[in-house]
Amino acid sequence: MAGAAPSKTRLRADARRNSEQIRSAAIGAFQGQGLTVPLEEVAKAAGVSKATIFNRFGGRIGLIEAVIEEVVANALFAVIDHMRTIDDIDERIAYYFTAIRDLQYRQPAFNDVLLQTYPHSQQLMEICRVGSEANEELIAAARTSGALRPEFTAGDLHALVVDNALALKHGERPPRADYDRRTSYLLDGIRGPSAAPGER
């Protein structure tokens, strides 16, 4: 019948389509620009209004929590899981430190998580907790083996990572070759006397 209201089935389908479009746009925007990207940009990319984002996700925090697994958590947890499979402690340190800095360079949203930009997000804070536990686990193993400087702590590792997050978020982004060279300098600086000669 002409002029009849859309059916509930059609409305539900439209709502699902809008939600998926918003999720897809948010993943792209967060991966490219970080979690602070204006919601107007996400809405434009999704082909919806900003109000629709609030209607579907309750605002920025809800949207972040809907996609943070794909944007940050999966990649970070994969690094942590792989780190735990490496038996040689020197190799484990080099892999973990390099992989975390690589994520920081490639993934602006990861830096927002590290900086706890949205502390009211339970999922973001849980990611930080898991990351902190991995840091402490690595430092404890390294201290036992002498692979790191004896005074180097999990807090020091955290500070290096957070300082790098601040530099990447608010400073001038260095060329990748320079960034990787500085990663090597940092690794050399934190290694202990037991590190193999080629790794010091």
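List of remarks:
- For Ile86 and Phe54, the difference between the fully extended length at 0.36 nm per residue and the C-alpha to C-alpha distance is 7.1 nm.
- Near the amide H of Arg191, within less than 5 Å, lie the amide hydrogens of Arg149, all on another chain or at least 5 residues away, with H placed in the peptide plane.
- With θ taken as phi - 60° and the Karplus curve 6.51 cos²θ - 1.76 cosθ + 1.60 applied, the whole-hertz 3J(HN,Hα) list for region 91-104 is 5, 5, 4, 4, 4, 4, 4, 5, 5, 5, 5, 5, 4, 4 Hz, x standing for glycine and proline.
- Residue-wise HN-Hα coupling along region 58-68, computed from phi with Karplus coefficients 6.51, -1.76, 1.60 (Hz; x: Gly, Pro): x, x, 4, 4, x, 5, 4, 5, 6, 10, 5
- Here the chain is treated with +1 on each Lys and Arg Cβ and -1 on each Asp and Glu Cβ, and its dipole about the Cα centre works out to around 1040 debye.
- The chain - accessible surface per residue (Å², probe 1.4 Å): 54 Å²
- Taking the accessible area of region 21-144, probe 1.4 Å, and keeping the other protein chains in place, the carbon and sulfur fraction comes to 49%.
- From the C-alpha gyration tensor of region 1-131, square roots of 5λ in Å: 37, 14, 12
- J(HN,Hα) series, region 17-34, from Karplus relation 6.51 cos²θ - 1.76 cosθ + 1.60, nearest Hz, glycine and proline x: 5, 4, 4, 5, 5, 5, 4, 4, 5, 5, 4, x, 5, 5, 5, x, 10, x
- Using the Cβ-Cβ distance between Thr153 and Glu126 with R0 set to 22 Å, the FRET efficiency from 1/(1 + (r/R0)^6) comes to roughly 0.45.
- Region 48-200 - Rg and Dmax from Cα coordinates, angstrom: 17.2, 59
- Modelled label positions at Glu20 and Thr36, each set 7 Å beyond Cα in the direction of Cβ, lie 3.4 nm from each other.
- Farthest toward the positive end of the dipole of the chain, out of Pro150, Tyr118, Tyr95, is the Cα of Tyr118, where the dipole comes from beta carbon charges about the Cα centre.
- Computed with a 1.4 Å probe on the full set of protein chains, the accessible area for Ile22 sits at about 0 Å².
- About the centre of its Cα atoms, region 67-136 shows a dipole size close to 220 debye [charges on the beta carbon of Lys, Arg (+1) and Asp, Glu (-1) only; nearest 20 debye].
The values are calculated or read from the model by the stated rules, or taken from the named source; none is laboratory data. Only a predicted model underlies this, so the values are computations on that prediction, with no experimental measurement involved. Because the Cβ atoms are built from the backbone with ideal geometry, glycine has one as well, and the counts that use them run over all protein chains shown. Note: accessible area is taken over every heavy atom of the protein model, side chains too, but ligands, DNA and RNA are not part of it. Shrake-Rupley method; radii C 1.70, N 1.55, O 1.52, S 1.80 Å.
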